[in-house]
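Structure, as structure tokens:
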Amino acid sequence: MSIPAPPPRAWQAELLTLWPQIERQTEFAVQKLRPGERDEARQSIFASVAVAYAELAAQGRAALAFPGPLVAYGLRHYQAGRLIGGRVNSRDVGSRRWRHVSGQRFASLADCQETLALADQRRATPAEIACLRIDFAAWLGTLSVRDRQLTRQLARGEETRQVAARFRLSAGRVSQLRRELYDSWQRFCGEPTPTPA
């Protein structure tokens, strides 16, 4: 015997009318995060938005709710490590709350993937991978802020069209930049760059 679902409350129907705009705002907000944490951030923002809207509706102030501020509120909660529906252990080094409270950072495997993707892992020794990480970081320091961000996203495996949209460039320009960055890396390593025939 299944239990019937309770009828939706009025605030839920009102929230659903805002939901398409909330989803668009959320997609824009999570694009600034690492690809590996976007899904978690998205769900956390949605939960925060729903709870905040319910609280506003309970106070009779639902008319003051707009998608942009609700999403910004949810994103701030996520970045501070305050999650809806549970407690976060501030001593867990993998949690956003730990990073916020301690002010320390750690390198996750996803952060290292951009460098490891450059190395042929079947043949590279740990020493060669460590050298590559050091050289890659030094080379990134020679680039402009925009080119550094673009390079990191391309190294993580982001699609050209997504990177182009994020940086407001054409896909063709991103392809050109990819080649320019490759040539810059080759020069940094002291390797000759092949000249087009």
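No value in this document is a laboratory result; all are computed from the given coordinates. Note that the coordinates shown come from a computational prediction; the quantities given were computed from them, not determined experimentally. Here Cβ is always computed from backbone atoms with ideal geometry, including for glycine, and neighbour counts include all displayed protein chains.
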- Peptides 30-43, 56-69: what's the order by average Cβ count within 10 Å, highest mean first? 30-43, 56-69
- Query: Can you work out ³J(HN,Hα) from phi for every residue in segment 172-179, in order, using Karplus 6.51 cos²θ - 1.76 cosθ + 1.60 and θ = phi - 60°, giving whole Hz and x for Gly and Pro?
  - Reply: x, 5, 5, 5, 4, 5, 4, 5
- DSSP-loop trypsin sites (Lys or Arg not before Pro) across segment 128-197, with at most 10 other Cβ within 10 angstrom: ARG168
